[in-house]
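The values are calculated or read from the model by the stated rules, or taken from the named source; none is laboratory data. It should be emphasised that the depicted structure is a prediction, and the values quoted were computed from it without experimental measurement. Neighbour counts run over all protein chains shown; Cβ positions are idealised from the backbone, glycine included. Accessible surface is based on the protein model in full, side chains and every heavy atom, while ligands, DNA and RNA are left aside. Shrake-Rupley method; radii C 1.70, N 1.55, O 1.52, S 1.80 Å.
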Amino acid sequence: MCSLLVSVCTRTIESPLLSQSLLHSTPVSITMYKGTARLQCHFKDVSENFDNTVIHWYQQKEKREPVRMLYISSGTTIVENSFQRNRYMVQKLSNQKICILIIKNIGPDDAATYYCTLSTVSGYYYEVFGSGTKLIVSGNSKPENSEILQTKHKDQLLYVCLIENFYPEVIRVQWVDGADKEVTKNVVKGDVWKSTNDKYSVSTWLTLPVNMTNKNYFCKYDHESQENFKLPIQGIYSLWTHSLKGTGKAPS
């Protein structure tokens with residue numbers, strides 16, 4: 001099965017007019033051992049003429065600096081000399097403001113994180129990196145278990161979203177409300193930890209006043225094996241009585 005992994009890139013050179021949120025890569029991840037990879041970069045909030053926008057694609061291998069692979073300008077794709085020209089294509093869907101990087105004949109040497117960037121001039125030059133897509137040359141595995149655990153402390157309820165035994169390790173986990181808007185207040189996000197020899201787990205916590213528990217909240221995660229999966233807090237009755245894996249204790 002194919003897979004590409006998405007993670008947020010912190011290498012951003014930007015003007016005050018643009019932010020990293022303008023560029024978003026999908027899906028969260030894809031893992032593949034052969035075939036053709038398609039990496040999408042969305043520019044939905046870019047107001048300028050998309051057809052005239054210069055878009056670059058970078059490849060970053062582990063523990064190395066990003067290297068530009070190619071760029072597309074005025075409909076023409078220019079591939080750097082260090083990359084095989086016949087293996088890379090770029091498609092621009094102007095009406096949807098999407099740019100797609102196509103990599104043919106995937107092999108072990110293609111394992112890396114790929115970033116799209118927006119390059120423009122508006123009185124001065126600036127470049128913005130989008131969210132990255134990590135290509136893993138391997139297989140994937142969806143979470144073996146995902147659940148929300150609950151415990152009460154005084155006038156508050158603590159909800160723990162636990163997602164266990166998935167591969168690869170890249171996953172996006174959020175708490176969202178009934179309108180699918182991200183909740184960031186009173187949220188603690190844990191780090192991914194290695195739970196078995198080849199699989200990973202992660203947890204995140206949401207604290208709510210008891211009088212707010214009648215509202216709809218969800219733990220939402222995106223993994224290359226299962227996108228946009230939601231777990232509701234409604235109907236969670238079992239108390240959380242065991243220590244959180246990976247930390248040895250509950251958050252205070």
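Below is a table of values for the structure above.
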item	result
Peptide ranges 180-190, 223-233 listed from the most packed, as the mean C-beta count within 10 angstrom indicates	223-233, 180-190
Restraint check, Lys44/Lys181; Lys61/Lys142; Lys61/Lys220; Lys44/Lys92, Cα-Cα greater than 19 Å	Lys61/Lys142; Lys61/Lys220
Residue-normalised accessible area of segment 127-241, given per residue in Å² at a 1.4 Å probe	50 Å²
Mean Cβ neighbour count within 10 Å, used as a protection proxy, ranking 170-176, 205-211 highest first	170-176, 205-211
Per DSSP, loop trypsin sites (Lys or Arg not before Pro) in segment 32-81 with at most 12 further Cβ within 10 Å	Lys34, Lys44, Lys63, Arg64
Order of exposure, largest accessible area first, which applies to Ser25, Ser73 with probe 1.4 Å	Ser73, Ser25
Derived scalar couplings ³J(HN,Hα) [segment 32-43; Karplus, 6.51 cos²θ - 1.76 cosθ + 1.60; whole Hz; x for Gly, Pro]	8, 10, 6, x, 10, 9, 10, 10, 9, 10, 9, 10
Segment 160-209 - percent of accessible surface contributed by carbon and sulfur, probe 1.4 Å	45 percent
